[in-house]
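The values are calculated or read from the model by the stated rules, or taken from the named source; none is laboratory data. Since the model is a prediction, treat every value here as computed from it, not as a measurement. No Cβ is skipped: glycine too gets one built from the backbone with ideal geometry, and neighbour counts run over all protein chains shown. Ligands, DNA and RNA are stripped out before the accessible areas are found, and what is left, the full protein with its side chains, is counted by its heavy atoms. Shrake-Rupley method; radii C 1.70, N 1.55, O 1.52, S 1.80 Å.
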Amino acid sequence: MADLQNASKAGGTTAADQAPFTAADVRAAAARISGQIVRTPTMHSKTLSDITGANIWLKFENQQFTAAYKERGALNALLLMEDDARSRGVIAASAGNHAQGLSYHGTRLGVPVTIVMPRTTPTVKVMQTEAVGGNVVLEGETYDEAYAHARQLEQDMGLTFVHPFDDPRVAAGQGTVALEMLEDAPEIDTLCVPIGGGGLISGMSTLAREVKPDIAIYGVQAALYPSMYAKVKGKSMECGGDTLAEGIAVRDPGKMTSRVVARNVDDIVLVDEPQLESATALLLQIEKTVVEGAGAAGLAAVRANPDLFAGRNIGIVLCGGNIDTRLLANVLLRDLARSGRLARLRLTLQDRPGALFKVMRAFDAHNVNIIEIYHQRIFTTLPAKGLITDIECEARDRAQIDALVSQLQGEGYVVSEVELA
């Protein structure tokens with residue numbers, strides 16, 4: 001049996017271990033929200049299957065109106081509220097996709113929605129939430145401070161707090177992702193699901209275990225935020241850092257969701273930042289679809305663990321597509337650099353006429369395009385007549401760059417390639 005499931009069973013079953021919601025709740029949620037969210041496609045990717053050595057199906061939750069699966073759980077929670085509670089309104093603490101999903105459907109249903117965000121939240125996220133009807137309150141410097149303020153407003157104003165993940169109504173709504181996937185692609189035998197607080201994988205695993213008891217279920221977390229991984233495995237691990245997968249950068253996973261994960265999930269794998277960046281770029285290049293870092297986590301895990309996933313029929317959730325365009329541009333350019341199509345070559349030259357021209361002839365001979373040239377004469381350890389030149393260039397592939405470097409070194413130049421972190 002799976003590692004996490006064994007760990008869960010080791011301590012015996014208690015009342016706290018009883019399922020907070022069931023597959024029947026997920027099916028009821030699906031009926032409840034039907035026609036009010038997008039039934040996103042589940043599509044087989046031949047190219048990604050060839051690349052990974054597995055059979056890959058993608059669930060395009062980035063095609064929801066707010067570009068994330070979070071709409072499902074938020075809507076289910078709203079529809080389950082009593083009329084008087086809905087008339088008073090709801091409140092949440094979120095600077096991400098939950099804020100937009102709750103605001104959009106709350107406004108559509110005539111439910112006042114208040115979202116508390118830290119004052120440090122980027123303006124674009126505030127604007128996106130307000131654009132779909134949310135009333136944004138900026139409070140505190142951290143999420144924890146914003147959360148505390150939201151809970152206080154809940155009491156002061158008689159509002160209903162809608163948790164982004166640690167709520168059975170929300171998790172049951174998120175589980176409808178798995179219901180649709182397994183209806184559309186019944187051959188799927190493995191699910192690879194991003195984990196932040198655990199709402200998505202809790203809902204999906206609850207439904208999937210009923211439909212296919214033997215299905216393999218793997219969670220994925222960013223290596224910088226292994227909170228659920230550490231909690232269910234009983235480890236102490238640091239969480240923190242600037243991850244591309246900000247949508248799953250959760251320091252404290254849910255209490256309810258942690259129990260469900262321990263019971264239903266086979267294992268959790270961790271992916272690092274280069275793997276997330278590469279998967280994000282690959283989905284745009286191959287599938288022509290934009291995903292945020294969390295949305296690329298499932299594919300990153302499959303690529304990082306080929307022996308674990310080889311030959312399986314894998315369902316991957318592209319859980320969101322809200323990524324800053326400038327950040328996406330950086331990710332794409334960094335991926336080109338890692339693949340060898342972009343490079344920065346550092347050469348030591350003599351500071352005299354014609355020195356750079358001789359180097360340019362080698363670039364011309366190898367048909368390597370020069371993008372930028374940077375000279376450094378002052379801040380070096382070279383003699384006064386020397387300089388360091390960085391040349392950013394574009395090539396067809398790594399082999400073309402290697403051939404250029406080999407020629408330059410053969411001509412006596414000291415050449416090094418500036419590496420990415």
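Specify whether the C-alpha gyration tensor of segment 93-174 places it in the rounded, prolate or oblate class, a ≥ b ≥ c being the square roots of the eigenvalues: rounded for a/c under 1.5, otherwise prolate if a/b is larger than b/c and oblate if not. Before the final figure, lay out each step's value.
Values: a/c = 1.38, a/b = 1.13, b/c = 1.22.
Rounded is the answer for segment 93-174, as its axis ratio a/c remains below 1.5.
Toward the positive end of the charge dipole of the chain, with +1 on the Cβ of Lys and Arg and -1 on the Cβ of Asp and Glu, the farthest Cα among Thr257, Pro353, Leu332 is that of Pro353. Counting only DSSP beta bridges whose two residues both lie in the chain, roughly 45 percent are antiparallel.
Derived value for the chain: Kirkwood hydrodynamic radius 23.4 Å. Basis is the mean of 1/r over every pair of different alpha-carbon atoms. Our summary of shape: the Cα atoms of segment 85-130 have principal axis extents of 30, 15, 13 Å, ordered from largest down, in whole angstrom. Hey, how many Å between the Cα centroid of segment 71-100 and the Cα centroid of segment 305-325? Rounded to whole Å, the Cα centres lie 28 Å apart. Across the options Tyr225, Gln275, Leu244, the greatest Cα extent toward the positive end of the charge dipole of segment 171-290 (unit charges at beta carbon of Lys, Arg, Asp, Glu) belongs to Tyr225.
For segment 24-93, the solvent-accessible area works out to 40 Å² per residue, with a probe of 1.4 Å and every protein chain left in place.
Ligands, DNA and RNA left out, the 1.4 Å accessible surface of the chain is 51% carbon and sulfur atoms.
Normalised by the number of residues in segment 297-421, the mean separation of alpha-carbon contacts (under 8 Å, six or more apart) gives a relative contact order of 30 percent.
Treating only the Cβ atoms of Lys and Arg (+1) and Asp and Glu (-1) as charged, compute the dipole magnitude of the chain about its Cα centre; round to the nearest 20 debye.
Working: 40 positive and 50 negative charges, 63 e Å.
For this selection, approximately 300 debye.
Rounded, prolate or oblate: which fits segment 109-226 when a ≥ b ≥ c are the square roots of the eigenvalues of the alpha-carbon gyration tensor, with rounded for a/c under 1.5 and prolate only if a/b beats b/c? The shape class here is prolate.
For segment 265-352, the solvent-accessible area with a 1.4 angstrom probe is 39 square angstrom per residue.
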